[in-house]
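One structure is given here, and the rest of the page talks about it.
The values are calculated or read from the model by the stated rules, or taken from the named source; none is laboratory data. Since the structure is predicted, the reported quantities are computational estimates derived from the model, not experimental observations. Using ideal geometry, Cβ is built from the backbone for each residue, glycine included, and neighbour counts are taken over all protein chains shown.
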Amino acid sequence: MVKISVIIPTLNEESYIGKTLSALKPQLGKGDEMIIVDSFSKDNTVKIAKKFGARVVSIPRCGIGPAKTFGAKKAKNKIIAMLDADGIPASDWLNRIRNHFENKNIDSVTGLDLYAGPTRAKTFIYIAFSWIVFQLGKLNYFVNKVPWMAVNNCAIKKNIFFKYGGLHNVVCEDFDLAQRAKGIYHFYDKKMKVTLSDRRFKVEGFIKTVLLWIKSDIAIFRNKNKIVATEYSVVRKI
């Protein structure tokens, strides 16, 4: 049976991490592991994570991409899966990942993000946007073999992940990795679902956040003036 290491970065996530791990833990098989990459949280994040049996590794705050890369280095299994602290996986999430790697000769797989908005209208808009992004990712892979991996809902072979340099500290770190990993055997599974909170949109606003993502994707595509980020606050360009 394929064994999977699930990596989740955290920083003061006591409001979310319990719900995520309570959904994830029942899905674990023999040899699977949950790795919490914590940046010295000052709340009960670590305590809650350990309560659910997660392995906690610590790293100074360095951005989501490098934190997940650090967790991948610590992973004991050949397949690494990634979630965010506020991402609640569907009950068959880990099983779907396992089945893909057992039955298909793939290097990576990505799923479909859903969102829990404050109203039906906003939830519809967020999910519609996510669906469009998912379909554009599929189209880009079909045309250009660029394997977009939503880093809050994906899995990849560990050796492939590091062959292409892991995740960097840029906005849209998943598209950045995809550009470097062009040509790998990637699979898109719309039934591999994770439900995220809308906290990112609450901070910056939905339109402003989406415009930042578009701007960053363009910079990554051009490989020029990439936007470096810490918790999605723009620091500088590289």
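Some points to look at:
- Residue within the range 223-234 that is more than 17 Å from residue 66 (Cα to Cα), surrounded by 14 or more Cβ atoms within 10 Å (Cβ to Cβ), out of contact with any Gly (no Cβ under 9 Å at 6 or more places or on another chain) and in contact (Cβ under 8 Å) with a residue 24 or more places away in the chain present: no
- Within the range 150-167, at least one residue is among the charged types (D, E, K, R), farther than 20 Å from residue 217 by Cα and touching a strand residue (DSSP E or B) at 6+ places or on another chain (Cβ under 7 Å).
- Pairs meeting the criteria (first residue in the range 170-184 and under 17 Å from residue 67 (Cα atoms), second residue assigned to a helix (DSSP H, G or I) and among the charged types (D, E, K, R), beta carbons under 6 Å, at least 6 apart or on different chains) are 170/176; 172/217; 175/217.
Here is a yes/no grid of residues against (1) under 19 Å from residue 203 (Cβ atoms); (2) of a type outside the set (A, V, I, L, M); (3) in a helix (DSSP H, G or I):
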| site | (1), (2), (3) |
| --- | --- |
| 111 | no, yes, no |
| 136 | no, no, yes |
| 143 | no, no, yes |
| 147 | no, yes, no |
| 161 | no, yes, yes |
| 165 | no, yes, no |
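- Residue 5 vs. criteria within 23 Å of residue 161 (Cβ to Cβ), in contact (Cβ under 8 Å) with a residue 12 or more places away in the chain, surrounded by 17 or more Cβ atoms within 10 Å (Cβ to Cβ) and not hydrophobic (A, V, I, L, M, F, W, C): yes
- Strands (runs of 3 or more DSSP E) (entirely within the range 1-104) containing at least 3 residues that are within 23 Å of residue 172 (Cβ to Cβ), in contact with a Pro (Cβ under 8 Å, 6 or more places away or on another chain) and aliphatic (A, V, I, L, M): none
- Qualifying residue in the range 82-90 (condition: at pLDDT 95 or above and in contact with a Cys (Cβ under 6 Å, 6 or more places away or on another chain)): yes
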